[in-house]
Structure formats: C-alpha cells, structure tokens
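Computed from the coordinates by the stated procedures, all read-outs in this text should not be read as laboratory data. In this text, all values refer to a predicted model and were calculated from it rather than measured experimentally. Glycine gets a Cβ as well: all are built from the backbone with ideal geometry, and neighbour counts include every protein chain shown.
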Ligand SMILES: [Zn+2]
C-alpha cells in the first residue's frame, strides 16, 4: 500500500539556542568552561574537567574569529564535509564545505540562515588575509 | 552463562514480494522456536530490536510482534541503540535471564530498510543517527562521517584505499557461499575503485547495502533448556560501552574507543585474558570497508593488525577469520536484525551447522560478535563459546 507522512517540526533549541542563532548569522559562538577555560565549538554541555572530578563548573559564551583549519575532508555525492578546528576552540567541528573542491586548509564560517543552522565553511586557500 | 537454544533468520535482501516486517519477524521467530525445541508457552519474555519507527511505521513494535507470535501475556520490550540495536537486545535478554527475571527469552530483530522507503529517504534519516542537533543539521550523511573517521584512521595507521577495497571484495566473495546474503558479488579491486564515489575514500562498493530482513534467538537459562539442547553454544560474556557522540570531541576521530571499552568488558566477563590469541572467529560491524579494520584494531584482535590483515590473517584460511557471513557489506544490514544475525553466525559456526562453504573445518571454540550505532558511539560486543566438555 502507499502511505505518506509529512511532518513540520518546531524544535526547542534549549541550551544550544545561542550557538544556533550565531550560526544562522555567521557568528562562531563557542561555549567556555569558566573553571578550566576549555572552549568548545560546537559546544559541549558538560566540560571534560567536570567529567573527570565531578566538581561543579560554570559556563559562558565566547565569540571566536570564525577562522578554521581543515584537518580532514571528504567529497562525494552529498557535497563536501570536513573535520576542522576553529581558532580558539579545543575540539574539532564537523562542517559542511560551501565550496567543495577548493584547495587549502584555511577556512571561514559562513552564515546559514534560520533553516537548519549548521556549521558551514568556505575554504579560502592556504592562508586567510581578511574575513569578509 | 546463558544458552542460545535456537537461532533463526530470513534472507537479507530487498523484498519485492509484497511481504512486510511482521512476516519476516514471524518467520525468524518460528525457525528459532523450532530449533530450540520449546513451545510458545515456555517463553517468559520477548525483546525486540528495531532502529526506527520511521522505517516500519510502527511505534511500540514489541506489542505487535508479541501478538503476532502468539505470546499472549508475555513480558515484552524494545531495545534500541542505532546499528547496535540487535546486540543491545541480546544483552537485554541475557540480563533478564542472569538476573532471574526470566528463564527463556526470545530476542527478535527486524528492519525494513530497503523496500519501504527510497534510498534517499533512508539515507537522510540515517543522518539523524549522530548528533542530530549539531552535526546532523549540516546534512552530513553516515557515509561522510565514516569517511572522515576513516581519513583519520588512514593518516595514523597507513591504511590505504586498496586495503579497504580488499575487504569490500572479500566480504562479497564470502556472501557467494551464503544463501541468505544480500550481495553475493564476484568483484575485483578495480570494480571497487571504479564504482561511484559516495564520500571519499568510500565508493558505493565500500558501503553496506540497505536491506530488509529479520533474525531471532531463543535464549535460555542452562537449567531451563530442553535436555536435547543443553550442549548448544552459550553466551559467556557481554560488554557495552560508548564514545563521545561527535567525532570532533574525540581524542582521535579515527579510533573506536567505545568499542575497545565494550570489548574489554565482554572479555572480562568471558574470562578472556588475551583476545589476540583466544578468539577463533569474529563477526564485526563493517558498515563500511574501513570500519572493519577500525573494528579489528579496537577489539584488540591482533598485536599488529595492519600487518596481519595484509598477510591474510583474517581470511577464511587465516588465524582468525573475520566476517565469514559476508558481514554487513555482503550479508546485508537490516539494522535491528544485524547484530542478531551476527549471533546466529557465531552460534551455528560453533555448533558446526553453518553454510557448508563457509563452515570452519575445526569449529571455533570462542567467537565474538561486534556491533555499534553511530560512528562506533554505542558499542556492544558478545562472546560466544562452545558448551563445556
Ligand atoms: Zn572545564
């Protein structure tokens, strides 16, 4: 038999709200642990320092430059994706590559708009002079 | 110890006969029940494995299958852990018996991953198997995430595209002797290299297929099995573990740390001190060709896994045969059934009743099954052994 299901979600963003809002505008908003200064983009809810000793930690948001270095990349039918480290972040981010095929490891964050905000980068070559 | 009193599984393929998951699950259950030589009334509990209601259009599938199986009144539940769902269900069944809650448990896994939805739709849904709120929003596919993990693995271990292609070829070769397999293919390394690039380094032939099918086990407390089945294979150890859900939060995105944790726990329960010498057969989670090598590394199956792989140590005639069923790439991957089918292979190999072209001449004494969900995020390992002599 034929059957069709159409779903229209309105997802509660919760603690990820500032991060997702930043992505839609092209701003890299990272989460910073005030206890050990670890910076994560995308944000970790609980810092690794807290998972080690279970002592309380508090968190704030930190705006990064939006520059990133591509560590690994893959190209194929679905486009290009990378594991990249944003300047100032201690973790890596899975990113969609906006301009797949471009050589180089230097990249910058791109705004994605309000629909499905996600980390999207544009590769600029080996170095970045300015971010526009 | 928990006995595996009976096993059953359907063919894994893309169904074109109009049948549905309830038919496949019933077929696998009936086969396992007959093999176990017990009646429906002897089953205390049913554990059902299925990854996604989006695939089946059935929430609460355990209630539906309990009814279909004629198990009125049985305790029933669903177990889910993405690609690990089948073995998570096996572990739940083992826990019910070891805790004394149940004496005999039916574990049944199914998934209509192939014929119900388009491949495009299934692939998009699989993209939500990871951190749907961050990585998943980028539209990244499972293949792309596995590819990024494989790139990190290749950079660290020196594995090549040709190494991966050799696995893609070998698993399809084994599938030719497995009448239940989805992709029995006679292919070459060139065929793998020339098939369409899905996400480099993975071409289409490096990927496991989307399959329909079901598999089942009847587990029993040693004292509750029929006398005729008291010498059957048993589960000596179970272990589960997890890793950071996002690749970018892991110390090494190319290492399956959650799998290592799961294996260590399973080996400890089974009394295996040296996995690199004490295991005779392994069914590992080869969602992609490279993932088979990553699994062999994390499971601790060799002191020098790259060297032993390249010298044929993990082939049918090697020291430790891996994925003789064809694995996910050859036998197929109906998600909820996958881990249970691995158990079926291990048990039948130990009992000497596996497909004739693939049965080891000296049946293995110790076999392991390894699955995971996500990119080795939710990991489950099970150790099977022969009956004590
Ligand atoms: Zn911290």
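Compactness ratio of the protein assembly as shown: Cα Rg over 2.2 N^0.38 Å, N = residue count?
The reported ratio for this selection is 0.98.
Kindly express, to the nearest 10 degrees and within the range 0 to 90, the angle between helix B:142-157's C-alpha long axis and the longest C-alpha principal axis of chain B.
Taking the Cα atoms of chain B, the angle to B:142-157 is about 70 degrees.
Hey, can you rank B:94-107, B:252-265 by average C-beta count inside 10 Å, highest first? It would help to have the intermediate numbers written out before the result.
Working: B:94-107: 19.9, B:252-265: 22.5.
Top to bottom by mean Cβ count within 10 Å: B:252-265, B:94-107.
Gaussian network model of chain B, Cα springs within a sub-10 Å range: biggest mean-square fluctuation belongs to which of B:58, B:37, B:331?
B:58
For the protein assembly as shown, what does the helix formula give at 222 nm: sum of -39500 (n - 2.57) over DSSP H segments with n ≥ 4, over the residue count, nearest 500 deg cm²/dmol?
-9000 deg cm²/dmol
Take chain B, connect every pair of alpha-carbon atoms lying under 10 Å apart with a spring to form a Gaussian network, then pick out the residue of B:275, B:196, B:222 with the largest mean-square fluctuation.
Residue with maximal mean-square fluctuation among B:275, B:196, B:222: B:196.
Considering the Cα trace of the stretch B:12-154, what is its radius of gyration and what is Dmax, both in angstroms?
Every Cα atom of the stretch B:12-154 included, Rg and Dmax give 17.3, 52 Å.
Count, for each residue of A:43-52, the Cβ atoms from other chains sitting within 10 Å of its Cβ, then give me the mean as a whole number.
Averaged over the peptide's residues, the number is 1.
Let me understand the stretch A:14-125 better: what is its radius of gyration from the alpha carbons, and its Dmax, in angstrom?
Values for the stretch A:14-125 (Cα only, Rg and Dmax): 14.5, 45 Å.
What percent antiparallel are the DSSP beta bridges of chain B, to the nearest 5?
Around 70 percent of the beta bridges assigned by DSSP in chain B are antiparallel ones.
If you average the sequence gap of Cα pairs under 8 Å that are 6 or more apart and divide by the length of the stretch B:1-113, what percent do you get for the contact order?
Relative contact order here is 33 percent.
Given a 10 angstrom Cα cut-off, can you work out which residue in A:15, A:107, A:30 is the most mobile in a GNM of chain A?
Comparing A:15, A:107, A:30 in a Gaussian network model of chain A, the most mobile one is A:15.
Hey, can you rank A:21-28, B:372-379 by average C-beta count inside 10 Å, highest first?
Result, highest mean Cβ count within 10 Å first: B:372-379, A:21-28.
Can you pull the mean other chain C-beta count within 10 Å for peptide B:127-134?
3
Over the whole of B:197-209, what's the average partner chain Cβ count within 10 Å per residue? Rounded to a whole number, please. Can you show the working numbers first?
Working: counts 4, 4, 8, 5, 2, 2, 1, 1, 0, 0, 0, 0, 0.
Mean number of neighbouring Cβ atoms from other chains: 2.
So in the protein assembly as shown, what percent of DSSP beta bridges are antiparallel if you round to the nearest 5?
Once the DSSP bridges in the protein assembly as shown are tallied, antiparallel ones form about 80 percent.
Can you tell me the 0 to 90 degree angle between the C-alpha axis of helix B:289-298 and the longest principal axis of chain B, rounded to 10?
70
In degrees between 0 and 90, to the nearest 10, how far off the longest principal axis of chain B does helix B:21-36 point, with axes built from Cα atoms?
60
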